[in-house]
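Below you'll find the structure, written out as structure tokens, and then a few comments.
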Amino acid sequence: MGHCLNMFSGFKSKLPGIPSLDQLINQSPIPQAAGNLGAAVLGVAGKPSVTQEVYDELVHYFKYASTAYAIILPGPSLIPVRPNGRKLVGKMFDLLTDSHGYVARDDTKREIIVAFRGSVSPANFITDGAGFLVDWDVANSKIVAPTGTKVHLGFQTAWHTISTKTMMIVAAEHAAHPDYAIVTTGHSLGGALAALAAISITLTYPSVQVRCYTYGQPRTGNAVFASWVNEKIGAKRLYRVVHSNDGVPTMAPAILGFAHHSTEYWALSPHSPQQTYICVPAGVDPGLEDPEGSQKLPTLGINPAHLSYTPPPKVSGISYTACSRVPLDQSSSKLYELKDSIMGYYS
């Protein structure tokens, strides 16, 4: 899964004392080459690797997560947008928290896809920084969580702001296509929102197959929350991808009660199915993380590995860097320049 280190270049903080993503990356103590750490260095050679089919799925759904960074940009050149070549059916947005997402429909795979954008703005960083565990309390929701379920305050607040619109769009699509599966996805903060959406959708539509694909997802809740997500969605339908030594998944410390849900897919370099490992803890609560997975690395925060999860797309046999150009419409070969070099994909 290739490199895209300029994915967020151009997003400058306008608030005193709040650094831009460029500054965070440049100040990272980890060199850019750290994204190329392999299995021998990280000590996961004994873990099972994924099949080509699973690897292709991880790449496929990241295209939706990636497109979430592009579809909310202003400008007529971005309308209509066909995320991953599929039909865009609705968007979610909140001004206060700057939370963004969209819903797409794939009539070929018979799926409804719900994707969320990660952090790019000061408001998003404030969301990320509200790292306190609070009781599950989702607005406008009848979902009752197990006693002791706690989630990240900032992530829950962000989900509050767009959950009603998200569930309205999903409800309309589900009513029109009741036999379609539902997939949630997102990168970074978007991954946390995807997890909260996945459990909400699962409990709202218990007969629907829900899958969740996240990339660089930070710890979103406590161990009770993680176990609840595992139980209701199922570990085999949870794909939590961590690239190399990405520091974001471990930023919310376990020592303060944060925990990841299943299932970690640790993607190393060189990028291939053989270098993407399934990390499942043995003999412990599946809501807890694999001690031999990426959590054994020191927390590095936002670093180059966090911004590089899939290879650049290919159009007519030509590879384009995912950070500079993106084809937005499957029916057209035209490539649109994306403002501020944000990464996006089509199929």
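Considering only the range 214-224, I want to know if a residue exists there that is surrounded by 24 or more Cβ atoms within 10 Å (Cβ to Cβ), closer than 21 Å to H152 by Cα, modelled with pLDDT of 95 or more and in contact with a Cys (Cβ under 9 Å, 6 or more places away or on another chain).
Looking for residues that are surrounded by 24 or more Cβ atoms within 10 Å (Cβ to Cβ), closer than 21 Å to H152 by Cα, modelled with pLDDT of 95 or more and in contact with a Cys (Cβ under 9 Å, 6 or more places away or on another chain), one finds none in the range 214-224, hence no.
Yes/no matrix, rows are residues, columns are (1) more than 22 Å from Y64 (Cα to Cα); (2) basic (K, R); (3) touching a helix residue (DSSP H, G or I) at 6+ places or on another chain (Cβ under 9 Å):
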{"position": "S99", "(1), (2), (3)": "no, no, yes"}
{"position": "A115", "(1), (2), (3)": "no, no, yes"}
{"position": "P122", "(1), (2), (3)": "yes, no, no"}
{"position": "D128", "(1), (2), (3)": "no, no, yes"}
{"position": "W159", "(1), (2), (3)": "no, no, yes"}
{"position": "M168", "(1), (2), (3)": "no, no, no"}
{"position": "A181", "(1), (2), (3)": "no, no, no"}
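For (1) more than 19 Å from G118 (Cβ to Cβ); (2) assigned to a strand (DSSP E or B), each residue gets a yes or a no:
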residue: Q217; (1), (2): no, no
residue: F225; (1), (2): yes, no
residue: V229; (1), (2): yes, no
residue: K232; (1), (2): yes, no
residue: V241; (1), (2): no, yes
residue: P249; (1), (2): no, no
residue: W266; (1), (2): yes, yes
residue: Q274; (1), (2): yes, no
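Among (1) touching a residue at least 40 places away in the same chain (Cβ under 8 Å); (2) within 26 Å of Q295 (Cα to Cα); (3) touching a strand residue (DSSP E or B) at 6+ places or on another chain (Cβ under 8 Å), which single condition is D135 missing?
(1)
If we scan the range 194-214, do we find a residue that is under 19 Å from T250 (Cα atoms), within 18 Å of the chain's Cα centre (by Cα) and part of a loop (DSSP other than H, G, I, E, B)?
Checked the range 194-214: no residue is under 19 Å from T250 (Cα atoms), within 18 Å of the chain's Cα centre (by Cα) and part of a loop (DSSP other than H, G, I, E, B).
Looking at the range 183-208, which of the residues that are of a type outside the set (V, I, T) and more than 23 Å from S66 (Cα to Cα) is surrounded by the fewest Cβ atoms within 10 Å (Cβ to Cβ)?
Of all residues in the range 183-208, those of a type outside the set (V, I, T) come to 186-198, 200, 203, 205-207.
Narrowing the set further to residues that are more than 23 Å from S66 (Cα to Cα) leaves 203, 205-207.
Values: L203: 17, Y205: 16, P206: 9, S207: 5.
For the range 183-208, the residue satisfying everything is S207.
Show the residue pairs that are 6+ apart or on different chains and have beta-carbon atoms under 8 Å apart, the first residue being within the range 249-268 and closer than 21 Å to A305 by Cβ and free of Cβ contacts under 8 Å to residues at least 40 places away in the same chain, the second being among the polar types (S, T, N, Q) and crowded, with 24+ Cβ neighbours inside 10 Å.
E264/S294
Could you identify the single residue in I318, I255, I342 that is among the hydrophobic types (A, V, I, L, M, F, W, C), surrounded by fewer than 17 Cβ atoms within 10 Å (Cβ to Cβ) and either in contact with an Asp or Glu (Cβ under 7 Å, 6 or more places away or on another chain) or at pLDDT below 50 (or both)?
Values: I255 fails: either in contact with an Asp or Glu (Cβ under 7 Å, 6 or more places away or on another chain) or at pLDDT below 50 (or both); I342 fails: surrounded by fewer than 17 Cβ atoms within 10 Å (Cβ to Cβ).
Selected residue: I318, the only one of I318, I255, I342 that is among the hydrophobic types (A, V, I, L, M, F, W, C), surrounded by fewer than 17 Cβ atoms within 10 Å (Cβ to Cβ) and either in contact with an Asp or Glu (Cβ under 7 Å, 6 or more places away or on another chain) or at pLDDT below 50 (or both).
Given (1) closer than 20 Å to M251 by Cα; (2) in contact with a Gly (Cβ under 6 Å, 6 or more places away or on another chain); (3) surrounded by 19 or more Cβ atoms within 10 Å (Cβ to Cβ); (4) among the aliphatic types (A, V, I, L, M), identify the lone condition not met by M92.
Result: M92 fails condition (1) only.
Of the residues V138, V103, V144, only one is modelled with pLDDT of 90 or more, touching a helix residue (DSSP H, G or I) at 6+ places or on another chain (Cβ under 9 Å) and either under 23 Å from F258 (Cα atoms) or not aromatic (F, W, Y) (or both); which?
V103
How many of the residues making up the range 176-193 are in contact (Cβ under 8 Å) with a residue 24 or more places away in the chain and either part of a helix (DSSP H, G or I) or small (G, A, S) (or both)?
8
Name every residue in the range 258-284 that is under 22 Å from F62 (Cβ atoms) and touching an Asp or Glu at 6+ places or on another chain (Cβ under 8 Å), in order of residue number. Steps first, answer last, please.
Keep residues of the range 258-284 that are under 22 Å from F62 (Cβ atoms), which gives 260-280.
Residues satisfying the conditions are H260, E264, I278, C279, V280.
Looking at the range 155-175 only, could you name the residues that are in contact with an Asp or Glu (Cβ under 9 Å, 6 or more places away or on another chain) and either touching a residue at least 60 places away in the same chain (Cβ under 8 Å) or crowded, with 24+ Cβ neighbours inside 10 Å (or both)? Full working, then the answer.
To start, the set of residues in the range 155-175 that are in contact with an Asp or Glu (Cβ under 9 Å, 6 or more places away or on another chain) comprises 155-156, 158, 160-162, 165.
Matches in the range 155-175: F155, Q156, A158, T161, I162, K165.
Mind telling me which of the residues I143, I113 ends up being among the aliphatic types (A, V, I, L, M), in contact (Cβ under 8 Å) with a residue 12 or more places away in the chain and surrounded by fewer than 18 Cβ atoms within 10 Å (Cβ to Cβ)? Before you say what the answer is, go through the steps one by one.
Values: I113 fails: surrounded by fewer than 18 Cβ atoms within 10 Å (Cβ to Cβ).
Testing whether each residue is among the aliphatic types (A, V, I, L, M), in contact (Cβ under 8 Å) with a residue 12 or more places away in the chain and surrounded by fewer than 18 Cβ atoms within 10 Å (Cβ to Cβ) leaves just I143.
The values are calculated or read from the model by the stated rules, or taken from the named source; none is laboratory data. This is a predicted model, so every value here is computed, not measured. Heads up, the Cβs are rebuilt from the backbone with ideal geometry, glycines too, and the neighbour counts pull from every protein chain shown.
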